[in-house]
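Encoded as structure tokens, the structure appears first; notes follow it.
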Amino acid sequence: MKPFTYSAPASVAEAAERLAAPGARAMGGGTDLLPQLQRGIRRAGEVVDLRGAVPAGILAAGQGVRIGAATRVADVARDPDMAARFAVLAQAAGAVASPQLREMGTVAGNLCQAVRCWYYRHPDLTCWLRGGDTCYAQVGDHRKHGLEPGDCISVAPSDLAAALLALRAVVTTNRRESFPLADLYRKATAGDRSTIALDDGELVTAVTVPEPPDASAYMRAGERAAWSFALCGVAAARFGGEVRLAAIGVSNLPRLLDPADPLAGLPGLEMTGWKRRLLETLTQDALAAVG
Amino acid sequence: MQLRLTINDQRHELEVEPHRPLADVIRTDAALTGTKVACGEGTCGSCTVLVDGRAVLSCLTLAVACDGADVRTVEGEDELLGRLQAAFTAEDAFQCGFCTPGQLLSAVALLRANPRPSSAEIRAGMSGNLCRCGAYPAIERAVARAAGEAR
Amino acid sequence: MARLVKTQVEMEGRYEERWTLVEEDVTPEYADGEELAVVGHPHTRVSAAARVTGGARFISDIDLPGMVHAAVLRSPHANARVASLDRAAAAALPGVRAVIGPGDVPERDGRPVLTDAPAYAGGAVAAVAADTPDQAERALEALAPGWEPLAFVVDLDEGLARQEFTEDPEETSRGDVDAALAGAAAVIEAEYRTPTQIQTPLEPHCAVAAWDAGGLTVWSSTQGIFAARDELARAFGLEPDDVRVVCEYMGGGFGGKQGCGPEGYMAAELARRAGRPVRLVYTRRDEHTTAGYRAPTVQTYRIGADADGKLVGVEGSAVIGVGVHGWVFPVLNPAEALYECAHVRSMVLPVKLNLGFSNAFRAPGVMEGTFGFEQALDELAEELGIDPLEIRLRNPAAIEQASGKPYTSKHLEACQRRVAELAGWKERDALRSDGRVRRGMGLASQIWWGGGGPPAHATVRLGKTARPTLVCGFQDIGTGTMTASAVVVAEALGVPVGHVRVQAGDTARSGYGPTSGGSMTLASVAPAVRTAAHDVRTQLLDLAADMFEIAASDLVLADGHVSSRDGTLRHEITEITSKLGNSSLVGHGSRGPNPDGMRVNTFGCQAAQIAVDTLTGAVTVEKVWAVHDVGRIVNPMGAMSQVTGGVLQAVGFALSEERVVDPTTGTVVNAGLEDYKVPTIADTPEIVCEFVDSPDPHLALGIKGLGEPPIIPTAAAIGNAFAHATGVRVRQAPFTPRRVLEALAG
Ligand SMILES: Cc1cc2nc3c(=O)[nH]c(=O)nc-3n(C[C@H](O)[C@H](O)[C@H](O)COP(=O)(O)OP(=O)(O)OC[C@H]3O[C@@H](n4cnc5c(N)ncnc54)[C@H](O)[C@@H]3O)c2cc1C
Ligand code: SF4
Ligand code: FES
Ligand code: FES
């Protein structure tokens, strides 16, 4: 890994200031940032450790909960209130990576992690999303990629994103009080390849779920029984008569699905047709689980 | 950067570059080579240690981010770890033994949080430590045995 | 008196006539039906304390005074020429001690270790040594290689179409297959595909090299210290004993760490130039690109039987993706040898590709060949309406099929019957259902070699404290050879296993010991150990006889005591040994040859029960029953662990492990443990294991090998279980959700 400087600011304001410097990178648990720095996918002049700056912990917020951005994924998974009232989120958190990575990873880091496309992560290739010209996946092996055509066919990896999207979560940053989780994400464009819609120096401080659903569940399929990114993950939350369905593993961004037609807009690509079946199954399972 | 670490109750004052992983500092600066690095990228669990009680991957932890922390490795002395070491021996829960230090530390964290885990809980709690020799059935038995032998 | 005899030596199915030095040691056999106090009883590992406390020093832990760190420049291209390399820039950087490039390292097996024409992505071009790993990284960047990319082929089908082979395709046959198949009651034709499987030892390939006035010492994470020593001596122009290779603890090999890998050559050359010890550790990425693998295959079978299910003809071909070079392993051996059949033809086509070299991975060739053949046989059984177990029992091979020679022992049918009994084979149809989750059971059999053989030497010393030391030239790669050897010594000398100190893994300390491979280590070593220990035992009893004025033949050694058979006399062994002062009793032993004119094979059968979620494509292996015929079991505890390990690696092969190579860039895209998925504890089935614990009457101590057999039949049994569960055959491993969903969609 290339050398960098390190700071651990004690306040959001100080962190924001440090992050405004060119080459500064925000770090939560570092479980995604550090592998990217190791492989040269990103460079860092300074790593700004946010764990002492942004809040950690789960607080009641009216009917709902406010989750500090630096809360460990494991702490979300084992919170009894979470399991009781926001089952989909506890289940999704419990399915992330491995026990150790859950102890390390933060909620904000999980939401802001980069895609897992094996070309994006390749140390010797610079694909379109990394600023190059070619989407290697489309001409190469995209067996685990998305169902949606586009410049980039990689898929949203964050389990928490699916759950929080289904739960109508809103995000708070140091600059904005609250906005829907969906707006944390953007589709990369030719002019701007970033997929996280934050400004320089803007950082996530909390995620709030305004109210508990009447029922919720997370269904996911991986490549082995444990410690695998989701090939596809579907979160369902029922609020009265309305069911919100959200999926990862199928398109660039965490995606809200229409319960009546979950496959809409997801035709599948040459090597990913099989995922339509998987998505359909998980959707049905999730719907069945929330009644 | 200046770094103060307590590793297995021993205080260390170290001068460490910010980009160095905790695993490297434990193995090189503190010369405790029980902690293994099999991948260096968070994908195997061999480097698992306890930092302030949490089982974490020391290869993806910056040493400088652990200033003032309490670190426990396989070389540490502790009743639960000792019980697990005896159980791993009795059940033949390793072959080459390269994954074993990481397995042991994960097992310590698991049993601290859940002293009487079910088989499913052991399998979930130990799923972040790969063993290519395939000692898993014995590892499961060893963790259960150590739990059963709690005073 | 020692003499040289010509004997047949086998390694992973290759037979060679070799001159072998045979000493006049006749292994003191255990008597038929003899009640053994230690051998055959479960024992925990003698090295356990070191391995659970972090005290065991693995090769990647070795840190010598003044040691510097190596890094290797590897080609990012599937085929390239290196047009330029700025060595001077790298050498000028702070901390850099040595820079080497193409031509600077002695050749390995006649091939350059560093090359300016790397023919695969990951091929080594240059290497550096510097004071810190970071400095070594900076030096690599400074080399700023200029690449000229060249055309490449990485796809197996394309490689076959191009007809470029690493060796000439080879056809072997017996009888008249075409006529036999023309007259068969049923013939099936099927094509099976197997993936590239990576050994993935958790300790990567690594070596530490240091030169001094006496020569070269290399600490190598190897399965063969003596093979490594001989290679290095040849390469660097040294006398074998001027090279010392040490491997006390190493973190797994599984076939992929035979002898001294390129890492040892590079470390030695860098150390020579740097004038300091050098440590070189492969990255995890290197393990997936340049450290070897089980080669992918496309197997095609035509198998015919008469109406009773008796095999009449077997034809098989295997296209093997060998990579730039590699051994061609006997993929079609199961088709040729597992059952009796007079008419057999096989064709092997080793295809050259722009991928790193392939090498041995636990039961190389045979495991992947069994995946194809044992499923094809089930297809034939189904065609004939015969139960899969029954068709196997109807075709037993009484003699070794290829050579026509008798087996030293064979209990395959006993294994098959026992597995069926344990697994409840007869009731297996009760598992089936039409629901979303389908269960099924399948079985498959296994044949492998593994008789061991000479040379292997051992020395046992017993001093005043009666704690024997065994000095032997093997390395314990996790297979428990150390413990099993200690068990043999403890049996002979009547001392606790824990009192036996085993010194192994150091060429400077002992006579030759074999490479850990081909399931032959223990079968080779144990007889030598037994002979040495027995020698000491005889001396000890003679001393006791003198001391107590009784005939040595009236004395027995057990529980740390020497006692008379009639029970009137009982003394601690130390009463005798304490008189030795600074002398010790020393015994030597060596391994004699196996009987000529016979074939040594191991056998086994496994059944698997699986569950298939037909809507997600998830396959769960719920239970595996394994019964193997591997001769005498010295330490059942270690033997069980070997079986578990083999089964789990096969579960990975069957369900999730597959190296993926990008067709457009020719590079490996899942070169790490995130996308290359080996099983976790949560993927582990319940494993029930038994042995036909029947010492081989023709082999020293009756021991056959156990390392490879358990990995061989599991994946085929899983495949057969899949077909039983779903009625659909997926003829390609691994059975990923994608493959399963695609297959079930029709
Ligand atoms: C082997 C492996 C398997 C994994 N499996 C899964 C899985 O199954 N499911 C899953 O969801 N994830 C998985 N992860 C991904 C991920 O690393 C973890 O989920 C983790 O939660 C990420 O959190 P972190 O705090 O470590 O992130 P970091 O690495 O610290 O940060 C990730 C990104 O978020 C940014 N960031 C961090 N905090 C903030 C903030 N407060 N505001 C703005 N930006 C911020 C960082 O700059 C960086 O770009 C896996 C990772 C590994 C290595
Ligand atoms: S799918 Fe996206 S991330 Fe992957 S290669 Fe294409 S552009 Fe890059
Ligand atoms: S070495 Fe840290 S997870 Fe593999
Ligand atoms: S014991 Fe070898 S990897 Fe676990």
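The values are calculated or read from the model by the stated rules, or taken from the named source; none is laboratory data. Note that the structure is a prediction, hence the values are computed from the model and not measured. Cβ coordinates were reconstructed from backbone atoms using ideal geometry, including for glycine residues, and neighbour counts include every protein chain displayed. Note: accessible area is taken over every heavy atom of the protein model, side chains too, but ligands, DNA and RNA are not part of it. Shrake-Rupley method; radii C 1.70, N 1.55, O 1.52, S 1.80 Å.
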Inset, instruction - May I ask for the distance between the Cα centers of the range C:636-679 and the range C:452-522, given as a whole number of Å? - result: 31
Inset, instruction - Could you tell me what percent of the DSSP beta bridges with both partners in chain C are antiparallel, to the nearest 5? - result: 80
Inset, instruction - Can you give me the P(r) profile for the range B:2-72? Cα pairs, bins 10 angstrom wide beginning at 0, each as a whole percent. - result: 24, 61, 15
Inset, instruction - Find, to one decimal place in angstroms, the Kirkwood hydrodynamic radius of the protein assembly as shown, where the mean of 1/r is taken over every pair of different Cα atoms and then inverted. - result: 31.3
Inset, instruction - Using label points projected 7 Å from each Cα along Cα→Cβ, tell me how many nm separate C:A88 and C:D155, to one decimal. - result: 4.5
Inset, instruction - Note the buried accessible area between B and C here, summed over both chains, with a 1.4 Å probe, in Å² to the nearest 100. - result: 3500
Legend entry - Amide hydrogen neighbours beyond the local backbone of A:I196, cut-off 5 Å, H modeled: A:R186
Inset, instruction - Kindly work out what percent of the DSSP beta bridges joining two residues of the range A:5-290 are antiparallel, to the nearest 5. - result: 80
Inset, instruction - May I ask for the accessible area buried between chains A and B, both sides summed, probe 1.4 Å, to the nearest 100 Å²? - result: 2000
Legend entry - Cα gyration tensor shape of chain C, rounded if a/c is under 1.5, else prolate or oblate by comparing a/b with b/c: oblate
Inset, instruction - When a/c is below 1.5 the answer is rounded, else prolate if a/b is larger than b/c, else oblate, so apply that to the range C:270-385 with a ≥ b ≥ c taken from the square roots of the Cα gyration tensor eigenvalues. - result: prolate
Inset, instruction - Could you size up the charge dipole of the range A:224-275 around its Cα centre, putting +1 on the beta carbon of Lys and Arg and -1 on that of Asp and Glu, and report it in debye to the nearest 20? - result: 220
Legend entry - From the C-alpha gyration tensor of chain B, square roots of 5λ in Å: 27, 16, 13
Inset, instruction - Write out the trypsin sites (Lys or Arg not before Pro) in the range B:1-54 meeting two conditions: DSSP loop, and at most 11 other Cβ atoms within 10 Å of their Cβ. - result: none
Inset, instruction - About the Cα centre of the protein assembly as shown, how large is the charge dipole given +1 on each Lys and Arg Cβ and -1 on each Asp and Glu Cβ? Please answer in debye to the nearest 20. - result: 1880
Inset, instruction - In nm, give the distance between the simple-model label positions of A:Q284 and C:A430, each being 7 Å from the Cα along the Cα-to-Cβ direction. - result: 3.0
Legend entry - Size-normalised alpha-carbon gyration radius of the range B:79-150, reference 2.2 N^0.38 Å: 0.93
Legend entry - Selection from B:T89, B:A107, B:G148, by position along the positive dipole direction of the range B:79-150 (Cβ): B:A107
Inset, instruction - Towards the positive end of the charge dipole of chain C, with charges on Cβ (+1 Lys, Arg; -1 Asp, Glu), say which of C:G587, C:C415, C:A190 has the farthest Cα. - result: C:G587
Inset, instruction - With runs of 4+ DSSP H residues as the only contributors, calculate the mean residue ellipticity of the protein assembly as shown at 222 nm using -39,500 (n - 2.57) per run, divided by the residue total and rounded to the nearest 500. - result: -8000 deg cm²/dmol
Inset, instruction - Among the lysines, select those whose C-alpha is under 28 Å from the C-alpha of C:K310, and discard any that sit fewer than 8 residues away in the same chain. - result: C:K405, C:K410, C:K426
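So how much accessible surface do C and A hide from each other in total, probe 1.4 Å, in square angstrom to the nearest 100?
Approximately 2700 Å² gets buried when C meets A.
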Inset, instruction - Can you tell me the FRET efficiency between C:Y15 and C:A342 if r is taken as the Cβ-Cβ distance and R0 is 30 Å, rounded to the nearest 0.05? - result: 0.90
Inset, instruction - Take the alpha carbon gyration tensor of the range A:1-124, find the square roots of its eigenvalues, order them as a ≥ b ≥ c, and report rounded if a/c is under 1.5; if not, report prolate when a/b exceeds b/c, else oblate. - result: oblate
Legend entry - Calculated from backbone phi, Karplus (6.51, -1.76, 1.60) coupling profile of the range C:190-203 in Hz, x at Gly/Pro: 8, 10, 10, 10, 10, x, 6, 10, 9, 4, 6, x, 6, 7
Legend entry - Percent accessible area from carbon and sulfur atoms, the protein assembly as shown, protein chains only, probe 1.4 Å: 49
Legend entry - Stokes-Einstein D (µm²/s) once Rh is taken as the Kirkwood radius of the range A:5-290 over alpha-carbon pairs, at 37 °C in 0.692 mPa s: 173
Legend entry - Under 5 Å, built H, 5+ apart or other chain: amide partners of A:R42: A:L37
Inset, instruction - Have a look at A:L147, C:L699, C:C689 and report the one farthest towards the positive end of the charge dipole of the protein assembly as shown, computed about the Cα centre with Cβ charges (Lys/Arg +1, Asp/Glu -1). - result: A:L147
Inset, instruction - Run the dipole for chain C about the Cα centre, Lys and Arg Cβ at +1, Asp and Glu Cβ at -1, nothing else charged, and hand back the magnitude in debye, nearest 20. - result: 1200
Legend entry - Per-residue HN-Hα couplings for the range B:70-84 [Karplus 6.51, -1.76, 1.60; θ = phi - 60°; Hz; x = Gly/Pro]: 9, 10, 10, 10, 5, 7, x, 10, 6, 4, 5, 4, x, 5, 5
Legend entry - Computed Kirkwood radius, in angstrom, where 1/r is averaged over Cα pairs of the range C:31-176: 20.0
Legend entry - Euclidean distance between Cα centres, the range A:9-60 to the range C:369-447, Å: 58
Inset, instruction - If a cysteine in chain C has no other Cys Cβ under 4.7 Å from its own Cβ, put it on the list, ordered by number. - result: C:C206, C:C247, C:C260, C:C341, C:C472, C:C689
Legend entry - Whole-angstrom gap from the range C:551-630 to the range B:103-118, using each part's C-alpha centre: 34
Legend entry - Amide H partners (placed H, <5 Å) of C:A186, local residues excluded: C:A305
Inset, instruction - Give me the Kirkwood hydrodynamic radius of the range C:101-177, using the inverse of the mean 1/r over all pairs of distinct Cα atoms, in Å to one decimal. - result: 16.3
Legend entry - Accessible surface, per residue, of the protein assembly as shown when the full set of protein chains is kept, probe 1.4 Å, Å²: 34
Legend entry - Cross-link partners of A:K275 among lysines (Cα-Cα below 23 Å; sequence separation of 8 or more within a chain): A:K144, A:K187, C:K677
Legend entry - Dmax and Rg, reported as Rg then Dmax, of the range C:527-646 (C-alpha, Å): 24.3, 80
